[in-house]
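Structure first, commentary second.
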Amino acid sequence: QVQLVESGGGLVQAGGSLRLSCAASGNLFTFNAMGWYRQAPGKQRELVASITRGGITNYADSVKGRFTISGDNARSTVDLHMNSLKPEDTAVYFCNAMAYRDFWGQGTQVTVSS
């Protein structure tokens, strides 16, 4: 069984920065990709950023230039560096790992105050 453990959420003022980290534990195997999704109240879960095993990254338009995703295949970890945060970035952020199925973390709250 694979477990994804997230850390790094919290409360920050607009313009500030946060780093989210996610580590996979359990029966580890090579994931095809890892990434971060977010879900704001009353909205659908959306992709924020992802990184493939080969290092190809993908970002939502709303975070391009502000967020950076990085991953370590050997340790099955993925980080999300978030800069210039905006109140609209407020959401629960979920770590995702894609293999033969999707695995999800429990989520970590990010709140950006104006």
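The values are calculated or read from the model by the stated rules, or taken from the named source; none is laboratory data. This is a predicted model, so every value here is computed, not measured. All Cβ positions, glycine included, derive from the backbone under ideal geometry; neighbour counts span all protein chains shown. With ligands, DNA and RNA removed, areas are computed over all heavy atoms of the protein, side chains included. Shrake-Rupley method; radii C 1.70, N 1.55, O 1.52, S 1.80 Å.
For the reader, a short list of remarks on this structure follows.
- Loop-resident sites, region 1-73, for chymotrypsin sites (Phe, Trp or Tyr not before Pro), counting at most 11 other Cβ within 10 Å (DSSP): 29
- The amide H of residue 67, built 1.01 Å from its N in the peptide plane, has 83 as neighbours under 5 Å, considering only residues 5 or more places off or on other chains.
- A simple count of charges around residue 18, restricted to other residues whose Cβ falls under 15 Å of its Cβ and scoring Lys, Arg +1 and Asp, Glu -1, yields 0.
- Charging the Cβ of each Asp and Glu at -1 and of each Lys and Arg at +1, and nothing else, the dipole of region 41-114 about its Cα centre rounds to 80 debye.
- The chain, accessible area per residue, ligands and nucleic acids excluded (1.4 Å, Å²): 54 Å²
- FRET efficiency for the residue 68 to residue 1 pair, using the beta carbon distance and R₀ = 25 Å, is estimated at 0.25.
- Packing-based order for 14-23, 89-98, using average beta carbon neighbours within 10 Å, highest first: 89-98, 14-23
- Convex hull (Cα only) mean projected area of region 1-101, reported in nm² to one decimal: 6.4 nm²
- Bridges between two residues of region 1-58, per DSSP, are antiparallel at a rate of about 100%.
- For region 54-63, 3J(HN,Hα) per residue [Karplus equation, 6.51 cos²θ - 1.76 cosθ + 1.60, θ = phi - 60°, Hz, x = Gly/Pro]: x, x, 7, 9, 9, 10, 5, 4, 5, 10
- Kirkwood Rh (inverse of mean 1/r, distinct Cα pairs), region 15-57, angstrom: 12.6 Å
- Summing +1 for each Lys or Arg and -1 for each Asp or Glu among the other residues whose beta-carbon sits under 15 angstrom from that of residue 45 gives -2.
- For the chain, the share of accessible area belonging to carbon and sulfur comes to 47 percent (1.4 Å probe, ligands and nucleic acids excluded).
- Kirkwood Rh in Å, taken over region 59-114 so that all alpha-carbon pairs contribute: 12.8 Å
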